[in-house]
Amino acid sequence: MTVRLRAHHLLCMLTFIGKGYTPEFTQNYRRIAARLSAGEPMHLVSGPDDICAPLAGLADTHCLRDSVTERDEKAARAVSLLLNRPVVDGSVILPDADFLERMRQAFQTGEIRTGCAGCEWSPLCSDIAQQGFPEVLVTSGGRTEQG
């Protein structure tokens with residue numbers, strides 16, 4: 001199996017500590033974090049993904065807004081540059097220790113944060129990165145925090 005992710009969620013997963021839009025969203029994201037931490041591959045998609053699923057039926061879901069699509073485009077470009085390979089619809093990425101470490105270092109320095117512009121969660125994510133990513137739920141080696 002693979003986890004279907006849109007490009008800007010490659011950034012979001014780095015700082016996910018169990019907070020979200022709704023209880024259903026958070027519970028779903030926790031399950032996805034456990035799958036990613038166990039090493040399940042990520043399959044990039046355009047538009048709503050496995051993380052968005054609990055919000056899909058809500059009126060005026062932000063997952064379909066142009067601003068979110070723009071975040072995806074910016075995140076894909078930034079991560080492509082970091083990884084020195086195309087990060088496009090259909091790409092498969094393994095969330096192993098090396099990938100997570102590279103991504104978190106680049107996130108912490110701001111190198112890949114262009115996709116975060118305008119996101120309401122950006123201040124929280126900045127705090128988490130500044131503190132060294134404590135209590136994040138996407139880890140390597142099969143370890144996840146429970147809650």
Task: Test result for L82, aliphatic (A, V, I, L, M), farther than 19 Å from V45 by Cβ and at pLDDT 95 or above - done: yes
TODO: Report whether or not G142 is closer than 25 Å to E70 by Cα, in a loop (DSSP other than H, G, I, E, B) and modelled with pLDDT under 95.
DONE: no
- [ ] Using the structure shown, decide if A106 is in contact (Cβ under 8 Å) with a residue 40 or more places away in the chain, in contact with a Leu (Cβ under 7 Å, 6 or more places away or on another chain), closer than 21 Å to F133 by Cα and of a type in the set (A, V, I, L, M).
- [x] no
TODO: Test each condition in (1) at pLDDT 95 or above; (2) within 14 Å of the chain's Cα centre (by Cα); (3) under 15 Å from L14 (Cα atoms) for Q130 and report the one that comes out false.
DONE: (2)
TODO: Using the structure shown, decide if L64 is in contact with a Ser or Thr (Cβ under 6 Å, 6 or more places away or on another chain) and either modelled with pLDDT under 95 or among the polar types (S, T, N, Q) (or both).
DONE: no
Task: Matching residues in segment 7-25 - criterion: being at pLDDT 95 or above and more than 14 Å from C125 (Cβ to Cβ) - done: A7
Open item on the list: Let me spell it out: the conditions are (1) closer than 20 Å to T69 by Cα; (2) in contact with a Gly (Cβ under 8 Å, 6 or more places away or on another chain), and S37 meets all of them except one. Which number is the exception?
Closed with: (1)
- [ ] Tell me which residues, restricted to segment 77-104, are among the hydroxyl-bearing types (S, T, Y) and farther than 22 Å from A38 by Cα.
- [x] S80
TODO: Run S67 past the list (1) out of contact with any strand residue (DSSP E or B) (no Cβ under 6 Å at 6 or more places or on another chain); (2) more than 13 Å from G115 (Cα to Cα); (3) exposed (fewer than 13 other Cβ atoms within 10 Å of the Cβ) and report the number of the one that doesn't hold.
DONE: (2)
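The values are calculated or read from the model by the stated rules, or taken from the named source; none is laboratory data. Keep in mind that this is a model prediction, so the values were computed, not measured. With ideal geometry, Cβ positions are generated from the backbone for all residues, glycine too; neighbour counts draw on all protein chains shown.
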